[in-house]
Amino acid sequence: MKMNKTLFFMAMMAATLTASAQLKPRPDAFPPVQEQPDGKAVTMASTVEEMADWDRYPTYPVYLEMMQRWAESFPQLCHVDTIGTSIRGRLILSLYIDVQTDDDLYRPEFFYSSTIHGDEVTGFVMMLRLIDTLLNGYNSNPLYTNLINRTRISINPLANPDGTYRNGNNTVQGAVRYNANMVDLNRNYPNPFGVATATPPCPPQGGTVIGDIVPPRGGQGGVKAALQPENQAMIEYMEAHHFRLSANLHGGAEVMNYPWDSFTSAEMPHPSASWWQEVCKRFVDTSRTYDNSHFRDTYNCGYTAGGDWYVITGGRQDYVNYYLGCNEMTMEISTQKTLSSNRLPEYWDFLQHSLVNYIGEIHNAPDNPIGVESPLSSLHSPLTVYPNPACDIVTVDGLQPNCKIELFDIAEHRILSVSAPSEGRVQLDLATLRPGVYILRCGTAATKLVKR
Ligand SMILES: [Zn+2]
């Protein structure tokens with residue numbers, strides 16, 4: 001959705017005024033350097049000009065002003081989207097690069113989003129610098145020009161502004177992972193396959209499922225905390241677009257993390273796993289040609305299937321892949337969450353080429369075989385299946401009495417066919433099925449079912 005300019009300016013002025021009121025006098029010759037307890041130095045830029053060397057973090061007003069200046073300086077190339085507002089009323093913005101040309105060339109949509117964890121701020125500055133580099137390189141750098149001519153690019157540098165500016169608009173010191181409700185936004189998205197947030201492991205053969213399995217709500221999975229405003233806004237923004245490739249950026253490790261996060265690759269390999277591995281390898285290899293020391297802290301190859309590293313539920317990556325039909329991965333780009341600001345240029349030096357090239361991967365990206373762009377996408381169903389994923393016994397509810405229940409594998413081979421009992425509910429034993437995704441049909445209704 002396009003920015004409402006008046007709203008943006010009002011919000012920007014309000015932020016500036018708030019910030020001014022909080023500013024303490026300081027010697028002009030010295031920027032506000034703040035030592036963190038672990039010795040990391042966080043230097044803030046209080047003006048856009050102080051961002052010139054990209055070795056500081058912007059205050060919140062400076063961030064807003066940078067976004068606005070780009071939109072004003074490159075009106076033929078970009079505009080600012082307001083994705084939404086945080087709990088504390090801060091803006092969640094995206095700089096949308098969409099070149100105005102006479103041709104009607106189809107340009108797929110790409111999306112970068114950083115810092116859903118408020119204290120993981122390296123990506124925040126990397127995204128700002130990427131915007132600046134792409135816009136200023138248009139018509140002078142052939143790579144950037146070609147990329148922009150062929151791709152619509154949306155860049156959201158800061159997905160969780162309340163977490164980042166936890167201690168006020170003028171510093172990222174004291175930033176926290178969470179939003180203002182202290183909810184981890186990357187554990188707050190609906191889970192794929194209608195999986196409840198906490199899925200217990202499969203018990204040994206013949207055992208019983210222990211744990212609290214929550215039936216899916218509206219086919220969207222159980223969620224621990226209510227969907228937070230930041231995520232609600234992000235979902236609406238992403239649904240309004242048709243992103244084909246995206247990434248969300250984090251810190252605390254250096255590793256490329258491709259789907260799924262909700263399952264190990266043994267439980268459920270992603271259908272495009274080999275493509276993801278190639279993309280990850282190119283990203284890591286390119287960065288290592290500029291600094292060979294990076295992306296080694298977690299896996300020596302520098303990448304992993306998310307669930308093989310550790311399984312999470314409620315993550316954004318799996319939501320985007322499953323529900324939006326967009327190929328999204330998670331990029332952990334710095335071992336330190338809040339990097340010393342004087343190291344930001346060093347990170348840019350080894351990351352910038354990989355970040356630019358990843359946008360270009362959109363032109364090789366596969367059709368998402370799982371998400372809404374797939375033939376499975378039309379599955380809207382009164383059926384509920386739980387648990388899902390299932391190890392053995394599942395309960396299917398909402399059946400039309402006496403209709404035929406059929407189970408198909410992903411290649412549409414029929415595995416099972418039984419009649420629904422008159423009470424509209426049945427239990428099926430899936431113990432002998434191989435792990436994977438299946439489609440359960442009953443009359444015109446259908447739903448996805450995962451065997452673990
Ligand atoms: Zn994170």
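Tell me, please, whether a residue that is in a helix (DSSP H, G or I), touching a residue at least 60 places away in the same chain (Cβ under 8 Å), within 16 Å of the ligand (Cβ to nearest atom) and buried (at least 17 other Cβ atoms within 10 Å of the Cβ) can be found in the range 277-298.
Within the range 277-298, none of the residues are in a helix (DSSP H, G or I), touching a residue at least 60 places away in the same chain (Cβ under 8 Å), within 16 Å of the ligand (Cβ to nearest atom) and buried (at least 17 other Cβ atoms within 10 Å of the Cβ).
If I ask for residues that are touching a Lys or Arg at 6+ places or on another chain (Cβ under 9 Å), within 12 Å of the ligand (Cβ to nearest atom) and in a helix (DSSP H, G or I), which ones from the range 111-131 would you list?
Scanning the range 111-131 gives a single hit, Thr122.
Need pairs with beta-carbon distance below 8 Å; first residue under 17 Å from Ala273 (Cβ atoms) and within the range 321-336, second of a type in the set (Lys, Arg) and surrounded by fewer than 24 Cβ atoms within 10 Å (Cβ to Cβ); sequence gap 6+ or separate chains.
If the second residue must be of a type in the set (Lys, Arg) and surrounded by fewer than 24 Cβ atoms within 10 Å (Cβ to Cβ), the pairs left are Cys326/Arg244; Asn327/Arg244.
Are there any pairs, at least 6 apart or on different chains, whose C-beta atoms fall under 7 Å, with the first in the range 136-157 and assigned by TED's automatic domain parsing to the domain that holds Leu245 and the second of a type in the set (D, E, K, R) and assigned to a strand (DSSP E or B), and if so, which?
Arg152/Glu109; Ser154/Asp81; Ser154/Glu109
Quick check: is even one residue across the range 238-250 aliphatic (A, V, I, L, M) and within 16 Å of the ligand (Cβ to nearest atom)?
yes
A quick yes/no check of all residues on (1) touching a Phe, Trp or Tyr at 6+ places or on another chain (Cβ under 8 Å); (2) within 15 Å of the ligand (Cβ to nearest atom); (3) within 15 Å of Asn186 (Cα to Cα):
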site: Asp308; (1), (2), (3): no, no, no
site: Arg316; (1), (2), (3): yes, yes, yes
site: Tyr323; (1), (2), (3): no, no, no
site: Met329; (1), (2), (3): yes, yes, yes
site: Thr335; (1), (2), (3): no, yes, no
site: Thr338; (1), (2), (3): no, yes, no
site: Ser341; (1), (2), (3): yes, no, no
site: Phe350; (1), (2), (3): yes, no, no
site: His353; (1), (2), (3): yes, no, no
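Is it the case, given these coordinates, that Asp212 is within 16 Å of the ligand (Cβ to nearest atom), at pLDDT below 95 and either assigned to a helix (DSSP H, G or I) or of a type in the set (D, E, K, R) (or both)?
no
For a quick check of your reading of the model, give me the residue pairs whose first member lies in the range 242-268 and is at pLDDT below 95, whose second is within 11 Å of the ligand (Cβ to nearest atom) and among the β-branched types (Val, Ile, Thr), with beta-carbon atoms closer than 6 Å and at least 6 apart or on different chains.
Asp261/Ile312
Hey, which of the strands (runs of 3 or more DSSP E) in the range 36-108, taking only ones fully inside, have at least 2 residues that are among the small types (Gly, Ala, Ser)?
Filter on the range 36-108 gives 41-45.
Among Thr289, Thr330, which is in the same structural domain as Ile155 (by TED's automatic domain parsing), more than 19 Å from the chain's Cα centre (by Cα) and at pLDDT 95 or above?
After applying the criteria, what remains is Thr289.
The values are calculated or read from the model by the stated rules, or taken from the named source; none is laboratory data. Just so you know, these numbers come straight off a predicted model, no measurement behind them. Heads up, the Cβs are rebuilt from the backbone with ideal geometry, glycines too, and the neighbour counts pull from every protein chain shown.
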